[in-house]
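Taken together, the values in this text are just the output of simple stated rules run on the coordinates, not laboratory data. All figures in this text were calculated on a predicted structure; none of them were measured in a lab. Here Cβ is always computed from backbone atoms with ideal geometry, including for glycine, and neighbour counts include all displayed protein chains.
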Amino acid sequence: MNRAVQLFTFKNYCDQNPLEKEILECGAGVHKPEAEPLFVRFARDGYRVHGIDIAEVRLKNARTYCVDHHIMADLRQADMRAIPFDDASMPFIYAYNVIFHAQKEDMRRMVKEMARVLKPGGLMFVNFLSLDDGDCGQGERIGEGEFQQGEDGHTVVHSYHGDDEAEDYFEGLKVVFKEKRLLEKYEGEDWSRQAYIDYILKKPEL
């Protein structure tokens, strides 16, 4: 998880939670077969791992990595708007840098699906792009805070949220951790600014 240090915080919460160590990653595919999927750190620490991704080619790369490195993982092609797991079946779920590649109404559906699958007492990690991100406002505007933008040679949706805006999606969930991150780095001749809002959410116990 060296490229997703925020998940160390989430994993610490999961490690201390009394539920069984089983986790679902939404957006589990990777761009290259030699790239380590995020779920691998959980698998190596004894978690039973599941993953979904809408892109079959990214899942194929993740499966190749798992075979090459002897990692056990249940990986399925699926849309986050219709997660193929039963109600209250998963102790822990996360979506890292994934959900904001959709328009806001779809994001609401995705969070609702993650909450449906989460067990009572379970934990969820999800993060959003902030309106303070340097790319907010770039590209073709398709909705409030929603833009079509270029990424890795493709045109994709990026949705940006105010500091508390996404909390409207969290019906029935309790915020147990929230962090806004502003990252500035020098790229070429200009500074770039990335801004994220990270959440860890808990589903109340029955």
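A few notes on this one:
- Highest mobility in the GNM of the chain, judged by mean-square fluctuation with C-alpha springs under 10 Å and restricted to I142, I99, I52, is found for I142.
- Dimensionless Rg over Rh [region 128-206; C-alpha; Kirkwood]: 1.06
- Here the Gaussian network model covers the chain, with springs between Cα atoms less than 10 Å apart; of G121, G29, G46, G46 fluctuates the most.
- For region 76-81, the Karplus equation 6.51 cos²θ - 1.76 cosθ + 1.60, evaluated at θ = phi - 60°, returns couplings of 9, 7, 6, 9, 5, 7 Hz by residue, with Gly and Pro reported as x.
- Ordered by the number of other Cβ atoms lying within 10 Å of each residue's own Cβ, fewest first, K178, K32, K202 fall into the sequence K32, K178, K202.
- Long-range amide H partners of L75 with built H, under 5 Å: G51
- Fraction of the pair-distance distribution of region 79-140 above 13 Å, Cα-Cα pairs, percent: 65
- Residue-by-residue Karplus 3J(HN,Hα) for region 144-151, coefficients 6.51, -1.76, 1.60, Hz, glycine and proline x: 5, x, 10, 9, 8, 9, x, 7
- Using the rule -39500 (n - 2.57) for each DSSP H run of four or more residues, divided by the residues of the chain, the 222 nm mean residue ellipticity is -6500 deg cm²/dmol.
- Among the trypsin sites (Lys or Arg not before Pro) in region 1-107, those located in a DSSP loop and surrounded by at most 10 other Cβ atoms within 10 Å of their own Cβ are R3.
- Under 5 Å from the amide H of G121 lie the amide H atoms of K203, E205, each residue being 5 or more positions distant or on a separate chain, with H modelled from the backbone and absent for Pro and chain starts.
- Karplus 3J(HN,Hα) series, Hz, for region 186-200 with 6.51 cos²θ - 1.76 cosθ + 1.60 (x for Gly, Pro): 8, 10, x, 10, 10, 7, 10, 10, 10, 9, 10, 10, 9, 10, 10
- Expressed per residue, the C-alpha convex hull volume of region 6-66 stands at 78 Å³.
- Listing H31, H70 from fewest to most neighbouring C-beta atoms within 10 Å gives H70, H31.
- Against the rule of thumb 2.2 N^0.38 Å, how large the Cα Rg of the chain comes out: 1.00
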